[in-house]
Every structure is written in structure tokens, then in C-alpha cells.
Amino acid sequence: MENIAILAQLIIAISIVVVWVFRFDNIVMEFKQYGLSPLIRSMVGASKIALSTLLVVGIFYKEVVFISALLMAFLMICAQIAHIKVKNPLTKYIPSFLLLIMSLFVAAVDSGLL
């Protein structure tokens, strides 16, 4: 189970980097649609990239995994709420929902629940 959790940590981290670095123009459009300021967008992006980094670091230093995974799950819940608020099509919900599930899985494995 731990190996699957490590794989999930890597998938979460890589996904965040791809979206927030290589597809940043899409992020800018989405945050405008949500009515959120560039400051909020920057804070969310910095938080997600920092948490992604901690999830990768957590492969070697387990102490940072649980809180990083829970905070990432919280940000993915916020993303779900943003999609609901602007009534996006269901396909827009899927990426953040999958990352939410993976983050909760990582936290559960790290805490010993799974």
C-alpha cells in the first residue's frame, strides 16, 4: 500500500506542476471566471507548488506527508467549490476530484488507516 501511496504522491506533484507551470494561461482564465484576484491565484499556486514539493520530499522524510496531503485535499475541495459556484460542466470537476481522492488516500495510508 505504501508503494501505491508514493506513486500517488508523485502523480499529485507532477499534475500540479504541469497545470501551474506549463498550463498557467488556463489557470489565469479560470481564476478570472471564478472572480478571484491575481493575488489569490498567486497564493493558491504557491501553496500548491509548495505542497507538491513537500509530497515529493515526503518520500524520503515521512514526517511531512500527512499534513501536506491534507492541505492539498483542502485546496482540492476549494477547487470543487469554485467549479460548483460558476456551474462548470462536469468534466471540469474531474481533475481536482481525482487529486482530492489521491490526497486523502495518501493521508490515510500515512496515518495508518489504510
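Every number here is computed from the coordinates shown, using simple stated rules; none is lab data. Remember, it's a predicted structure, so these values are computed and weren't measured experimentally. So basically every Cβ, Gly included, is an ideal-geometry build from the backbone, and we count neighbours across all protein chains shown.
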Hey, got a sec? Which trypsin sites (Lys or Arg not before Pro) in region 17-114 land in a DSSP loop and have at most 16 other Cβ atoms within 10 Å?
-> 23, 87
DSSP H segments from the chain that extend 24 Å or more along their own axis, Cα-based, with Kyte-Doolittle mean of 0.5 or above = 38-57, 65-85, 90-111
Which net charge results when you count Lys and Arg as +1 and Asp and Glu as -1 among the other residues whose beta-carbon is under 15 Å from that of residue 49?
-> +3
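Which FRET efficiency value, to the nearest 0.05, do you get for residue 62 and residue 86 by plugging their Cβ-Cβ distance into 1/(1 + (r/R0)^6) with R0 = 41 Å?
After rounding to 0.05, the efficiency reads 0.65.
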Provide, for region 2-111, the number of lysine pairs with alpha carbons under 22 Å apart, each pair being eight or more places apart or on different chains.
-> 7
What is the calculated FRET efficiency for residue 32 to residue 10, with r their C-beta to C-beta distance and R₀ = 22 Å, to the nearest 0.05?
-> 0.10
Determine the calculated [θ] at 222 nm for the chain from helices alone, applying -39500 (n - 2.57) to every DSSP H run no shorter than 4 residues and normalising by the residue count; nearest 500 deg cm²/dmol.
-> -26500 deg cm²/dmol
Exactly which GluC sites (Glu not before Pro) in region 1-103 are in a DSSP loop and have at most 15 other Cβ atoms within 10 Å?
-> none
Once fully extended, how much extra length lies between residue 50 and residue 113, figured as 0.36 nm per residue of separation less the alpha-carbon to alpha-carbon distance?
-> 20.2 nm
Which one is right for this structure if log10 I(q)/I(0) by the Debye sum over Cα atoms at q = 0.15, 0.18, 0.23 Å⁻¹ is calculated from it: [x] -0.62, -0.90, -1.42; [y] -0.62, -0.87, -1.29; [z] -0.55, -0.83, -1.46?
-> [y]
